[in-house]
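In what follows, a structure is listed as structure tokens, so that the remarks can point back to it.
The values are calculated or read from the model by the stated rules, or taken from the named source; none is laboratory data. Source: prediction; values computed, not measured. Here the Cβ is made from the backbone with ideal geometry for all residues, glycine too, and neighbour counts use every protein chain on show. Each accessible area value is taken on the protein alone, full model and side chains, heavy atoms only, with ligands, DNA and RNA left out. Shrake-Rupley method; radii C 1.70, N 1.55, O 1.52, S 1.80 Å.
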Amino acid sequence: MTDSIETILETRHLGKDFKGFSAVTDVNLKVRRGSIHALIGPNGAGKTTCFNLLTKFLEPTTGTITFNGRDITKEQPAQIARRGIIRSFQISAVFPHLTVLQNVRVGLQRKLGTSFHFWKSERSLNHLNDRAHALLEEVGLGDVANEVTVNLPYGRKRALEIATTLSLEPELMLLDEPTQGMGHEDVHRVTELIRKVAVGRTVLMVEHNMGVVSSIADRITVLQRGAILAEGPYEEVSRNPDVMAAYMGTVDGELEGAH
């Protein structure tokens, strides 16, 4: 019973085949409630396929997925989202010609189930403003609430995407390459933001930047060729010879990019 309380998400023997090619093979993953769990691995390791299986954008060929002890393997993406598994996409998924505030309000409307009521007066959405402003403050965007989103720098667009993800009240946030394409300063800012918003939530993230992973992940699962190669805290995983070989290059006995 204790294990089911501590484990928010679990996969058993999860697999996905595409016309004879196994993209994911026998993945047994446990994500601890309240943790930041990183899924890492070389290009083509199956990380994004795993995310697509967990959110049911792909149907598993084999295995089961349980969330809060309930089998969700056969559920549709919308059902998964309603359960509180919310994914932030690799490519910034915000409306460029809405203001920052309006983007977050769209997320809040989705939660209310009124997201397609575009014919309603905008004033009818004003009751969402306080919550939207609070979310923007949480991600450090309170000062640009009325800015048109297209004008934001890339790093702040990613912060906005995290705010819209938070607006859906996730119990489990799936972050797909949250720092991809960022300069050093933005990487640091978004890393600190993830650390902050993870308090009281669970985060499962796919991330290439080992500096990010080493600084915020409680536990790391390494995939190679669709299978789990190693799992554990960063200090342990980064010194695993199989992991080093998979990344083909080390710096002082640690994964490249860890410094």
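Annotations for the structure displayed:
- Most mobile of 187, 150, 24 in a GNM of the chain (Cα contacts under 10 Å): 150
- By average C-beta atoms within 10 angstrom, highest first, the peptides 227-240, 198-211: 198-211, 227-240
- Looking at the chain, the DSSP beta bridges with both ends there are about 60 percent antiparallel.
- At q = 0.13, 0.24 Å⁻¹ the log10 of I(q)/I(0) for the range 11-81 amounts to -0.36, -1.21, computed by Debye summation with a single uniform scatterer per C-alpha, solvent ignored.
- Divide the volume of the convex hull around the Cα atoms of the chain by the residue count and you get 136 Å³ per residue.
- The chymotrypsin sites (Phe, Trp or Tyr not before Pro) of the range 1-76 include none that DSSP puts in a loop with a beta carbon having at most 12 other beta carbons within 10 Å.
- Given R0 = 35 Å, the distance between the Cβ atoms of residue 97 and residue 242 translates into a calculated FRET efficiency of 0.15.
- Amide H to amide H distances under 5 Å link residue 87 with 174, where only residues 5 or more positions off or on other chains count and H is placed in the peptide plane.
- Qualifying trypsin sites (Lys or Arg not before Pro) in the range 1-60, where qualification requires a DSSP coil assignment and no more than 15 other C-beta atoms within 10 Å, comprise 19, 33.
- Directionally averaged shadow of the range 1-50, computed from the convex hull of its alpha-carbon atoms, nm²: 4.0 nm²
- Solvent-accessible area per residue in the chain equals 49 Å², computed with a 1.4 angstrom probe and all protein chains kept.
- For the chain, carbon and sulfur atoms together expose 53% of the accessible surface, with a 1.4 angstrom probe and every protein chain in place.
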